[in-house]
Structure formats: C-alpha cells, structure tokens
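The values are calculated or read from the model by the stated rules, or taken from the named source; none is laboratory data. The structure displayed is predicted, hence computed values, not measured ones. Cβ placement follows ideal geometry from the backbone for every residue including glycine, while neighbour counts extend to all protein chains displayed.
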Amino acid sequence: MKNKKVRKSIEKAVELVNTLKAHVEIIKKNGQDISFIKTLDASVRKIERSEKEIVTLKERLAGKKEALKQEKELALELYKEAKSIAKKELGKSIKPEKKDKIEITLETK
C-alpha cells in the first residue's frame, strides 16, 4: 500500500514538472524566474531513479533471503543426519565397553 502511495506521488510530481515545462513562456512573461523548473525536474528524475533502484534492491533481497532460508534448511537437515549417524556409530562402539564394565564389576563381587 505504501509503495502505491509513493508511486502515485512520484507520478504527480512528474505531471507537475511537465505542466511547468509546458508553461515556461507564460512564466517568463510574468517575470518569474524559471531556473527552479530545471532544478525541480532534476530532483524528480533523481527520485524516480532512486525509487526504481529501491524496487530492484528489494527484489534482490527477497531472492537472497529465500536462498539463505533454503541453505539453512539444508544445513539443519545435514546436521540431523550427521547427528543420527554419529549416535549409531558411537552406540556401536560404546555398547561393548559398557558390557566390559559390567563384567568387571560382576567378577570383582
């Protein structure tokens, strides 16, 4: 919604500058300075360019966020798999040691 308001404001500013450019002769006849029209036109064009850049950067940011989200999910999945494999491997090697400890305690009693 905010983007629509900004876009409409920029369109109105462009419209205003174009109207002022069209009436330059009338403004000159009234004895008013017309240098502000050039300054205003440059400012509006700069704002318009900035708005386009912002939209592009937002799209790039959304794409990077999605890529990071996918990488995070993949890393978590790999972590879980590695953890389960480690448990299985450690479980195999630990179980015989526990039996040895139990046998030792039974033999001493």
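Inside the stretch 1-42, can you point out the residues that are closer than 22 Å to Glu53 by Cβ and among the charged types (D, E, K, R)?
Within the stretch 1-42, Lys2, Lys4, Lys5, Arg7, Lys8, Glu11, Lys12, Glu15, Asp41 qualify.
Filter the stretch 34-81 for residues that are under 30 Å from Leu16 (Cβ atoms) and either among the hydrophobic types (A, V, I, L, M, F, W, C) or outside any helix (DSSP H, G or I) (or both) and give the result. Please lay out each step first, then the result.
So the first thing to find is which residues in the stretch 34-81 are under 30 Å from Leu16 (Cβ atoms), and the list is 34-59.
Selection gives Ile34, Phe36, Ile37, Leu40, Ala42, Val44, Ile47, Ile54, Val55, Leu57.
Among the residues in the stretch 82-96, are any more than 24 Å from Asn3 (Cβ to Cβ), out of contact with any helix residue (DSSP H, G or I) (no Cβ under 7 Å at 6 or more places or on another chain), acidic (Asp, Glu) and at pLDDT 90 or above?
Of all residues in the stretch 82-96, those more than 24 Å from Asn3 (Cβ to Cβ) come to 82-96.
Remaining after also requiring out of contact with any helix residue (DSSP H, G or I) (no Cβ under 7 Å at 6 or more places or on another chain): 82-96.
Then drop every residue that is not acidic (Asp, Glu), which leaves 89.
Applying the additional criterion that residues be at pLDDT 90 or above yields none.
Within the stretch 82-96, not a single residue is more than 24 Å from Asn3 (Cβ to Cβ), out of contact with any helix residue (DSSP H, G or I) (no Cβ under 7 Å at 6 or more places or on another chain), acidic (Asp, Glu) and at pLDDT 90 or above.
If we scan the stretch 55-70, do we find a residue that is within 21 Å of Ala13 (Cα to Cα) and without any contact (Cβ under 8 Å) to a residue 60 or more places away in the chain?
Residues of the stretch 55-70 within 21 Å of Ala13 (Cα to Cα): 55.
Next, only the ones that are without any contact (Cβ under 8 Å) to a residue 60 or more places away in the chain stay: 55.
Scanning the stretch 55-70 turns up at least one residue that is within 21 Å of Ala13 (Cα to Cα) and without any contact (Cβ under 8 Å) to a residue 60 or more places away in the chain.
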